[in-house]
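Taken together, the values in this text are just the output of simple stated rules run on the coordinates, not laboratory data. Computed from a predicted model, the values in this text were never measured in an experiment. Virtual Cβ from ideal backbone geometry, glycine too; neighbours counted across all protein chains shown.
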Amino acid sequence: MSNDVVVVPIKHFDVAKERLRLGHVTEVTRLARTLAEGVVNAASPRPTVVVSESEDVLRFAEELGAEVLLSNVSGLNESVQWSYEVLTPRFARLIVVHGDLRFPQGLGDFEPEPGITVVADHHGQGTNVMVVPTGLDFHFAYGPGSLQRHIEEAERLNVAYRVLRDSPWRFDVDEASDLEDP
């Protein structure tokens, strides 16, 4: 297994998944914890680091056997960028995985090809999983349309990339309809 690390940025569970809360989905906090647990467990045996500004999330991650990083910044892009810089001396690549994947199985056995790999969300617009070699001047750009921005970033750096559109990891949970069978 290569010198890769799975990085899972996670918000406070009690405020995560705002669109689900607005959609009147019940027990969103519990759902967020369950999804995150599935992702962290699926990353085994690969080293896994959970990044959060929440002490509760970090305790949760430690109980699952993950290493933790208390983020000193807020926001997904800022937290992932900071993690990338902190972990670069220790690992060859970061595999950044959202903590809300419905079907995270296989993350720990995934052997990406050289370069950057982007797993598109099921809408074909976002980025659910991304593999980035360390030591690059890579700028993370999550949010609506992140798939295209991450492709443009790979092109800017002249780094080979591939986009996976049919991975089971394309299914994340942001809205109530994401809980229905794909």
Determine whether Phe110 is aromatic (Phe, Trp, Tyr) and in contact with a Gly (Cβ under 9 Å, 6 or more places away or on another chain). no
Among the residues of the range 87-145, count how many are among the charged types (D, E, K, R), surrounded by fewer than 20 Cβ atoms within 10 Å (Cβ to Cβ) and touching a Leu at 6+ places or on another chain (Cβ under 7 Å). 1
Between a residue in the range 129-148 that is at negative phi and without any contact (Cβ under 8 Å) to a residue 24 or more places away in the chain and any residue that is of a type in the set (Ser, Thr, Tyr) and surrounded by 21 or more Cβ atoms within 10 Å (Cβ to Cβ), which pairs come within a Cβ distance under 8 Å, given they are 6 or more apart or on different chains? Ser146/Thr127
Would you confirm, using the coordinates I've provided, whether Asp181 is without any contact (Cβ under 8 Å) to a residue 12 or more places away in the chain and not in a helix (DSSP H, G or I)? yes
